[in-house]
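Worksheet: the structure to be examined is printed underneath.
The values are calculated or read from the model by the stated rules, or taken from the named source; none is laboratory data. Because the structure is predicted, anything quoted here is derived from the model rather than measured. Every residue, glycine as well, gets a Cβ built from its backbone with ideal geometry; the counts of neighbours run over all protein chains shown. When the accessible area is computed, the model is the full protein with side chains, heavy atoms only, and any ligands, DNA or RNA have been set aside. Shrake-Rupley method; radii C 1.70, N 1.55, O 1.52, S 1.80 Å.
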Amino acid sequence: MKELAQVRDAVISALRGAGLTALAAFPAEHARAYSGAVAAVAVGAARGKAVGLCNYLGEVDDKTHGTVREVYGKQLEGIITVDIRGRRAAECETGCERAAEALLGGLPAGIRPGELRWEALTWERETGMFLRRGELQCRTFFVAESREDGAAFLNFILKGVITN
């Protein structure tokens with residue numbers, strides 16, 4: 001689902017903006033290739049809800065092109081998982097603090113954070129690193145507009161994310 005990849009990528013960008021090395025979820029042993037704390041991000045369970053009448057939200061005037069476009073919306077509720085690994089416990093804890101700030105206050109407008117939970121710091125024998133697992137319950141919002149010719153609508157884009 002393209003929408004889940006957009007959420008994952010937005011979270012990775014927010015974590016990087018907070019000074020963390022952040023990547024899409026990867027096999028745990030790859031964490032050793034990085035210095036400092038490393039965040040592995042994935043979108044876990046997700047479920048969708050209709051927004052408006054069959055996702056229809058209304059119309060917007062495109063004054064630049066002199067057209068009217070239909071706007072559609074989609075809402076997903078899900079869980080974002082963030083695994084923080086570090087060679088030292090202090091690196092892992094610092095990474096967790098940075099991640100918490102980004103997850104609760106640095107995400108795009110289309111991701112509304114809910115409850116953030118962190119498991120206790122553990123030693124992961126597989127990687128030889130400290131590990132702290134986190135989960136953020138969130139609600140995400142996507143919008144799509146019809147094309148200029150009105151024939152179809154474009155892909156749903158995470159609200160608050162600027163695209164080129």
Query raised in the report: Per-residue accessible area for GLU145 at 1.4 Å probe radius, Å² rounded to 10?
Result: 70 Å²
Query raised in the report: What does the charge add up to near ALA46, with Lys and Arg as +1, Asp and Glu as -1, over the other residues with Cβ less than 10 Å from its Cβ?
Result: -1
Report task. Can you run the Rg to Rh ratio on the chain? Use alpha carbon positions and the Kirkwood inverse-distance Rh. Result -> 1.09
Query raised in the report: When the dipole is taken about the Cα centre of the stretch 3-59, and only Lys, Arg (+1) and Asp, Glu (-1) are charged at their Cβ, what size is it in debye, to the nearest 20?
Result: 160 debye
Query - Rounded to 10°, Cα long-axis angle of helix 2-17 versus longest principal axis of the chain - result: 50 degrees
**Report entry** Size of electric dipole in the stretch 30-110: Cβ of Lys, Arg +1 and of Asp, Glu -1, about Cα centre, debye, nearest 20
**Finding:** 340 debye
Report task. Under 24 Å Cα to Cα from LYS49, which lysines show up? Leave out anything in the same chain fewer than 8 places away. Result -> LYS2, LYS74, LYS159
**Report entry** Net charge over other residues, Cβ less than 12 angstrom from the Cβ of ALA109 (K, R count +1; D, E count -1)
**Finding:** +3
Query raised in the report: Using a Gaussian network model of the chain with C-alpha springs under 10 Å, which one of THR140, THR64, THR21 is most mobile by mean-square fluctuation?
Result: THR64
Report summary line: Which of GLY78, GLY105, GLY86 fluctuates most in a GNM of the chain (C-alpha springs under 10 Å)? That residue is GLY105
Report summary line: Measuring from the longest principal axis of the C-alpha atoms of the chain, the long axis of helix 89-105 (C-alpha) lies at a number of degrees, nearest 10, equal to 20 degrees
Query raised in the report: Per residue, what accessible area does the chain have, given a 1.4 Å probe and all protein chains present, in Å²?
Result: 56 Å²
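On the protein heavy atoms, probe 1.4 angstrom, tell me the percent of accessible surface of the chain carried by carbon and sulfur.
Carbon and sulfur atoms account for 51 percent of the accessible area of the chain.
From largest to smallest, what semi-axes in whole angstrom does the stretch 1-90 give when each is the square root of 5 times an eigenvalue of its alpha carbon gyration tensor?
In descending order the semi-axes read 38, 16, 9 Å.
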